[in-house]
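Inspection log for the structure reproduced underneath, given as structure tokens.
The values are calculated or read from the model by the stated rules, or taken from the named source; none is laboratory data. On a predicted model such as this, the values are computed, not experimentally measured, just so you know. A quick note on method: Cβ atoms are made from the backbone with ideal geometry, for glycine too, and the neighbour counts reach across all protein chains shown.
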Amino acid sequence: MRASQLLLPTVKEDPAGAEAISHKLMVRAGLVRQLGAGIYVYLPAGWRVMQKIAAIIRDEMNAIGCQEMLMPVINPAEIWQQSGRWDAIGGELFRLKDRKGADMALAMTHEEVVTWLAAREVHSYKQLPQLWYHIQTKERDEARPKSGVLRTREFIMKDSYSLDVSYEALQRSYATHIAAYERIYARCGLEVMMVEGDSGMMGGAVSHEYMAHADAGEDEIVFCRECGYAANAEMALAGADREPPVSESGEQGAADLLVDEVRSTPGARTIDQVVEYLGLPARAFMKALVVTVEDGGDGSQAMVLLRGDHELSELKLRKALGAESRLATADEVIAAQGIAPGYVGPVPTTLPVYADEVLRRGHYVAGANKPDHHRTGVSLEMVPQATFCDLHRAAPGDPCPQCLGDLEGARVIEVGNIFQLGTKYSEPMGATFLDVDGKERPIVMGSYGIGLARVAAAAIEQHHDDNGIVWPPGITPFDVHLVLVRASDEVQGALAEQLYAELGAAGFDVLFDDRDLSPGIKFKDADLLGCPAQVVVGKRAPEGLVELKDRASGERRDVPVAELAAALTELLSGP
Ligand code: ATP
Ligand code: MG
């Protein structure tokens, strides 16, 4: 491809409001343009990256015997009604009516279509297992599209599905996918961690997420270097506490915590303020949050108790309540507990109480249900209705739930997700088969996703420098960026043309910057676009020498034309 003909609109300025480095660089390098909120156009160089990622995925999916097909984006509402998701999913599902007034949905994922198909085409255990996939557009009306292509309302996903006779068989399909996913991410140059999804608490359903380290990531994981445990911070199980509660520690002021007493704490509402006022560590406090349970709209309140140094995991609370909830408004708190937020405590309360496991032990300072007062000596023995559950978010420094080592934290981008669906869709949608004994049984399913744009953006997050992108060779838009320094110089021009033809014929993807622009602009563009190899045809052209620059290391050296192809092959085979 000649740069003089390529639509590669590089720009100097970062897009307004962009924070993620991948967002800035994808726009600046001329890879994408935003059409609307969470809606993007892929320009030629950006689309080449997406195609390379798709090719790697296709290769690895085919290698495990997964069959490529194509399922439609527009779906009749019936299949979503049968699965229960027409009602279970809120605003994220795009819905529309066709000209006859029939309800339609734009697929946000394809379990429904797969299960519909399986119900019709799979009849016997002899046909199983089946592995199906497609690389297709998904539509999701995301509440907060952000970070460039990382969270968009239309995106391309590889989604594959396994159909098996049993849960044991599903384990094999799952393991096969894990192996394929490892190869896919490695070939895309991405460092990922496979972490537990929200399985533990759901009982039965197993899932894992593939997380790529990146500052721009919306998710936070915790992991343990000692034993390899890794989980989403929202879901990570709590490890056994290493230290006793402050009230049993013998620390200064610990004895006061054992005394049941209402103490004046004027103006101290937040944990930080009370910590300062009473001179005790945050671990000595009990936070009481009042939440409104939005279960079928009954809007009742519940109290959630956490230790002062812990944050709530909304996901764990959702599991504990079996329903969505939100923080109660000040009016709701006053109506339910008779006191404004800030001084709420569990002694006494008539609300249902959900207490974090760590609070089983010890005495704490809690709100006294009286303005400007807190109560010491509060233990959960004083709250007989309390239900104990793991409710706090894991944080760096917490004990590992497996080996009690120190958990570390990292911000990550979820680039893929694998899920053991079991019979969640096959049962309601009637996707059954006849087993060896002629008995009808639901198909046991798995589903496996990878977001192509997230792979591209995460790769940029992990591989860039101040000058631009540093593409991993597997997914670079072009292998070689061939820069002709002086378009007006005949010798340079002739050599560059010759190399463009020869390297192309040798199988390299070459972007030939043949533009009549200053060398400085061309070099800047080459660094910004970030192809792994730059070949500069300049003043040593008469000697048959070109400069080869390794974009990743910045290393440059003169290479005789005859040795260029071999040098490029070596450079591009790098990690
Ligand atoms: P998230 O928690 O980030 O919203 P998800 O759990 O909804 O992701 P899945 O439904 O499992 O995602 O989709 C599979 C993959 O599709 C994700 O791992 C991610 O790579 C990609 N993906 C999901 N939502 C988006 C989006 N809005 N924009 C771009 N890619 C997405
Ligand atoms: Mg989502």
First in the stretch 136-160 and closer than 18 Å to Arg95 by Cα, second anywhere and more than 9 Å from ligand 1 (Cβ to nearest atom) and polar (S, T, N, Q), Cβ under 8 Å, 6 or more apart
Glu154/Thr137; Phe155/Thr137
Just checking, does the stretch 9-21 include any residue being surrounded by fewer than 21 Cβ atoms within 10 Å (Cβ to Cβ) and closer than 22 Å to Ile450 by Cβ?
yes
Answer yes or no: is there a residue in the stretch 3-13 that is without any contact (Cβ under 8 Å) to a residue 12 or more places away in the chain and part of a loop (DSSP other than H, G, I, E, B).
yes
Check the stretch 182-192 and report whether any residue there is within 15 Å of ligand 1 (Cβ to nearest atom), at pLDDT 95 or above and more than 30 Å from Gly17 (Cβ to Cβ).
yes
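Matching residues to (1) within 26 Å of Val412 (Cβ to Cβ); (2) of a type in the set (Lys, Arg); (3) touching a Gly at 6+ places or on another chain (Cβ under 8 Å); (4) loosely packed, with under 13 Cβ neighbours inside 10 Å:
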{"site": "Glu220", "(1), (2), (3), (4)": "yes, no, yes, no"}
{"site": "Cys227", "(1), (2), (3), (4)": "yes, no, yes, no"}
{"site": "Asn232", "(1), (2), (3), (4)": "yes, no, yes, no"}
{"site": "Met235", "(1), (2), (3), (4)": "yes, no, yes, no"}
{"site": "Gly239", "(1), (2), (3), (4)": "yes, no, no, no"}
{"site": "Pro244", "(1), (2), (3), (4)": "no, no, yes, no"}
{"site": "Ser247", "(1), (2), (3), (4)": "no, no, yes, no"}
{"site": "Gly250", "(1), (2), (3), (4)": "no, no, no, yes"}
{"site": "Ala255", "(1), (2), (3), (4)": "no, no, no, yes"}
Filtering the stretch 486-527 down to residues that are of a type in the set (D, E, K, R), surrounded by fewer than 17 Cβ atoms within 10 Å (Cβ to Cβ) and over 40 Å from the mean Cα position of the chain (by Cα), which residue is farthest from Gly544 (Cα to Cα)?
Asp516
Among residues of the stretch 142-157 being part of a strand (DSSP E or B) and more than 13 Å from ligand 2 (Cβ to nearest atom), the residue nearest to Thr423 (Cα to Cα) is Ile156
Scan the stretch 500-518 for residues that are over 13 Å from Leu482 (Cβ atoms) and assigned to a helix (DSSP H, G or I) and jot them down.
Ala505
From the options Val192, Val122, residue that is of a type in the set (Val, Ile, Thr), buried (at least 18 other Cβ atoms within 10 Å of the Cβ) and under 18 Å from the mean Cα position of the chain (by Cα)
Val192
Ser247 meets each of (1) free of Cβ contacts under 8 Å to residues at least 24 places away in the same chain; (2) not in a loop (DSSP other than H, G, I, E, B) with one exception, condition (1)
Counting only residues that are surrounded by fewer than 21 Cβ atoms within 10 Å (Cβ to Cβ) and under 34 Å from the mean Cα position of the chain (by Cα), give me the strands (runs of 3 or more DSSP E) lying completely in the stretch 329-414 with at least 3 of them.
387-389
Take the residues of the stretch 450-475 that are touching a Lys or Arg at 6+ places or on another chain (Cβ under 7 Å) and outside any helix (DSSP H, G or I): which is nearest to ligand 2 (Cβ to nearest atom)?
Ile450
Going by what's in this entry, would Ala320 be described as within 17 Å of Met235 (Cβ to Cβ), under 36 Å from the mean Cα position of the chain (by Cα), touching a residue at least 60 places away in the same chain (Cβ under 8 Å) and part of a loop (DSSP other than H, G, I, E, B)?
no
Look at Val535 and say whether it is crowded, with 21+ Cβ neighbours inside 10 Å, out of contact with any Gly (no Cβ under 8 Å at 6 or more places or on another chain) and over 30 Å from Val192 (Cβ atoms).
yes
Pick from the stretch 31-47 the residues that are within 14 Å of Ser147 (Cβ to Cβ) and out of contact with any Lys or Arg (no Cβ under 8 Å at 6 or more places or on another chain): which of them is surrounded by the most Cβ atoms within 10 Å (Cβ to Cβ)?
Val32
Against the condition assigned to a loop (DSSP other than H, G, I, E, B), surrounded by fewer than 16 Cβ atoms within 10 Å (Cβ to Cβ) and not hydroxyl-bearing (Ser, Thr, Tyr), how does Asp298 come out, does it pass?
yes
Could you tell me whether any residue of the stretch 85-103 is part of a loop (DSSP other than H, G, I, E, B), crowded, with 19+ Cβ neighbours inside 10 Å, among the small types (Gly, Ala, Ser) and within 16 Å of ligand 2 (Cβ to nearest atom)?
no
Are any residues in the stretch 59-75 closer than 16 Å to Ala186 by Cα and crowded, with 17+ Cβ neighbours inside 10 Å, and if so, which ones?
Glu60, Met61
Return the residues of the stretch 161-200 that are of a type in the set (Asp, Glu) and either under 19 Å from Gly474 (Cα atoms) or without any contact (Cβ under 8 Å) to a residue 24 or more places away in the chain (or both); say none if nothing qualifies.
Glu168, Glu182, Glu191
Can you name the residue in the stretch 125-141 that is assigned to a strand (DSSP E or B) and within 16 Å of ligand 2 (Cβ to nearest atom) and is also surrounded by the fewest Cβ atoms within 10 Å (Cβ to Cβ) among such residues?
Thr137
Starting from the stretch 261-286, keep only residues that are farther than 20 Å from Pro348 by Cα, then list their pairs with residues that are acidic (Asp, Glu) whose Cβ atoms are within a distance under 6 Å, requiring at least 6 positions of separation or different chains.
Pro266/Asp372; Ala282/Asp309; Arg283/Asp309
Those residues of the stretch 139-179 which are touching a His at 6+ places or on another chain (Cβ under 8 Å), within 8 Å of ligand 1 (Cβ to nearest atom) and within 27 Å of Glu19 (Cβ to Cβ), in sequence order
Val149, Leu150
